[in-house]
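Read the figures in this text as sums done on the coordinates, not as results from a lab. Since the model is a prediction, treat every value here as computed from it, not as a measurement. Cβ atoms come from the backbone with ideal geometry, glycine included; neighbour counts cover every protein chain shown.
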Protein chains: 2
Amino acid sequence: MQRAGAVRPSVFMERALALAAQAAAYGEVPVGAILVDSVTGSIVAEAHNRTETDSDATAHAEILVLRAGGAKLGSPRLGSCDLYVTLEPCPMCAAAIALARLRRVYFAAFDPKGGGVDHGPRIFEQPTCHHRPEVYGGVGEVEAAALLRRFFAERR
Amino acid sequence: MQRAGAVRPSVFMERALALAAQAAAYGEVPVGAILVDSVTGSIVAEAHNRTETDSDATAHAEILVLRAGGAKLGSPRLGSCDLYVTLEPCPMCAAAIALARLRRVYFAAFDPKGGGVDHGPRIFEQPTCHHRPEVYGGVGEVEAAALLRRFFAERR
């Protein structure tokens, strides 16, 4: 993984951050994700967390864009796509990203307690992981972390 | 994890095996899963793999029953439920099972190449895994492994 540090978020990460802010308004943990076709540069799918809204433990933003993107492009394998997500993917989402064979993953905030890319099982570094996307962490980190801090502070 | 060895599959695992056989008929990797309410003993949801049919890399049998079960019971958290699945869950599905807080997981065949419970990242043994279900592996192993062997042999 490459750490992007204090790099300014791209247009796509800005959109993912806007979706994360929407999630908070619904009482969902503020995480947003965008799936982009790397060939055309167009957005294929976008989502925020919907676990409570949908009563679905798997309804993380990343899973939702992989599902919608696969349906739209007609294949479970999305090798030409890049993911922009505002929080380091958890182990479930990291493993799903490997199954979908994404080209690149850009994430904003790091998640030492629940992350599965740079923390925990470090899914892409497992010998049994069959696909390793390029990963860039920390793009838009400041904005994403502020959203999460505010959300949890308001619930304490 | 407890290894059930040559124990005969239960009624629920028999049903999961029947779903796995259906999956093969659709050209899907033959894996079936059942979600059972441990209090009432009734089946909450059942599914087989649908990754190709749905163009969805996340459409493993386990994910599909967690989604359907959450919608049916009105909560992403399914702490009273047990899962019966014909193959050792992959890291994505194991992490989803932890997020859904399932009570028990019974699986049939072991999966050294793609499993995430007894192999690979051993998701439930990670210090950052927030919920560990009871796990019983090998229930119906012979039947499940035979289905998988036949499926891959026919495609070579």
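Quick notes on this structure:
- Square roots of five times the Cα gyration tensor eigenvalues for chain B, Å: 22, 17, 16
- Neighbour counts of other Cβ atoms within 10 Å put A:Thr40, A:Thr86 in the fewest-to-most order A:Thr40, A:Thr86.
- What you get for the protein assembly as shown, charging only the Cβ of Lys and Arg (+1) and of Asp and Glu (-1), is a dipole of about 240 debye around the Cα centre.
- Estimated 222 nm signal from helices in chain B, with DSSP H stretches of n ≥ 4 weighted -39500 (n - 2.57), rounded to 500: -10500 deg cm²/dmol
- Diffusion coefficient, µm² s⁻¹, Stokes-Einstein with Kirkwood Rh over alpha-carbon pairs of the protein assembly as shown at 37 °C and 0.692 mPa s: 169
- When B:Asp111, B:Asp54, A:Asp56 are sorted by how many other C-beta atoms sit within 10 angstrom of their C-beta, beginning with the fewest, the order is B:Asp54, B:Asp111, A:Asp56.
- Here's the picture: a label point sits 7 Å out from the Cα of A:Arg149 along the beta-carbon direction, and within region A:15-29 the residues with their amide nitrogen under 17 Å of it are A:21.
- FRET efficiency estimate (nearest 0.05) - Cβ-Cβ, B:Ala25 to A:Thr53, R0 41 angstrom: 0.75
- Taking the longest Cα principal axis of chain A as reference, the axis of helix A:11-25 is set at about 50 degrees.
- Counted over region A:66-135 with a bin width of 10 Å, the fraction of Cα pairs per bin, in whole percents, is 22, 54, 22, 1.
- Acute angle (nearest 10 degrees) that the helix A:141-154 long axis makes with the longest principal axis of chain A, alpha-carbon atoms: 50
- B:Tyr106 long-range amide H proximity, modeled H, under 5 Å: B:Leu83, B:Tyr84, B:Val85, B:Tyr136
- Choice from B:Ser55, B:Ser75, B:Ser38 showing the highest fluctuation, given a GNM over chain B with Cα pairs closer than 10 Å: B:Ser55
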